[in-house]
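Structure first, then comments.
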Amino acid sequence: MQEKTTRNIYNVWSYFYDVFWPSIVHRRTTRAIQRMAIRPGERVLDVGVGTGLALPSYPSHARIVGIDLSEGMLRRARRRVEESQMDWVQLSLGNALQLPFPDNTFDHVLLSHVVTVVSDAVKLIEETRRVTREGGQIVIINHFRSANRVVGAIEKWLCPLCQHLGWRSDLGLQELVEQTGMEVDFRYKLDNVDLFQTVFMTNRSASDEQQTAAA
């Protein structure tokens with residue numbers, strides 16, 4: 001996926017997104033946000049905020065920043081924020097591979113249905129870690145390639161079609177973890193047939209990761 005192409009695809013999707021995805025996306029994001037245990041005054045970054053479906057689930061005692069590459073998606077998110085008077089939410093247009101925030105800005109970062117949309121998933125995680133404070137929480141909600149050989153092969157075969165729709169279907173979670181050096185704290189699915197996983201990770205320092213690996 002290239003960012004210019006992705007922007008164009010999701011500008012089109014913005015007209016239909018809230019019709020096709022609300023109930024599916026809302027269940028996952030709401031559960032994840034609840035488990036993030038966001039404390040008063042903490043700063044949270046929602047990468048790929050889209051039309052803002054998840055925004056009402058965030059606690060008003062936190063400072064929420066949502067960023068998206070698509071002007072169309074963000075336009076609808078702004079409308080949702082204004083209509084619901086969510087003055088604790090700020091929205092920004094930007095590229096997830098070049099986040100416009102200083103280092104160590106956020107206590108929590110949510111990457112909901114984003115990892116397989118960008119052109120470079122490893123760079124996305126690196127940028128996410130940069131803007132997350134040490135010990136901060138990184139949460140990924142995404143489809144990952146199945147460990148089942150047959151299903152995984154089908155997902156690879158479908159990848160060119162999926163890319164025309166705005167995402168890739170062949171990224172494996174283990175592959176991403178190995179390439180980024182991240183460690184999964186825990187992960188879950190909403191049910192046995194759910195194709196998406198929610199993955200919780202902590203932004204540990206390089207020395208902490210080395211000690212954990214040695215242990």
Could you list, in sequence order, all residues of segment 59-70 that are open to solvent by 10 Å² or more (accessible area, probe 1.4 Å), at pLDDT 95 or above and not in a strand (DSSP E or B)? 59, 60, 61
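Would you pick out the residues in segment 34-58 that are among the β-branched types (Val, Ile, Thr) and open to solvent by 10 Å² or more (accessible area, probe 1.4 Å)?
Passing the criteria: 38, 49.
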Under 7 Å by Cβ, and 6 or more places apart or on different chains, what pairs join a residue from segment 27-41 that is under 14 Å from residue 191 (Cα atoms) with one that is assigned to a loop (DSSP other than H, G, I, E, B) and among the aromatic types (Phe, Trp, Tyr)? none
Could you say which residue among 90, 137 is over 17 Å from residue 36 (Cβ atoms) and in a strand (DSSP E or B)? 90
What about residue 163, is it modelled with pLDDT of 80 or more, farther than 22 Å from residue 62 by Cβ and either assigned to a helix (DSSP H, G or I) or touching a Lys or Arg at 6+ places or on another chain (Cβ under 9 Å) (or both)? no
Considering only segment 180-209, how many residues are surrounded by 12 or more Cβ atoms within 10 Å (Cβ to Cβ), modelled with pLDDT of 90 or more and not charged (D, E, K, R)? 11
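Name the residues in segment 20-56 that are assigned to a helix (DSSP H, G or I) and at pLDDT below 75, would you?
Going residue by residue through segment 20-56, those that are assigned to a helix (DSSP H, G or I) are 20, 22-36, 55-56.
Answer for segment 20-56, where residues must be assigned to a helix (DSSP H, G or I) and at pLDDT below 75: 20, 22, 23, 24.
The values are calculated or read from the model by the stated rules, or taken from the named source; none is laboratory data. Since the model is a prediction, treat every value here as computed from it, not as a measurement. Virtual Cβ from ideal backbone geometry, glycine too; neighbours counted across all protein chains shown. Note: areas computed on protein heavy atoms with side chains; ligands, DNA, RNA excluded. Shrake-Rupley method; radii C 1.70, N 1.55, O 1.52, S 1.80 Å.
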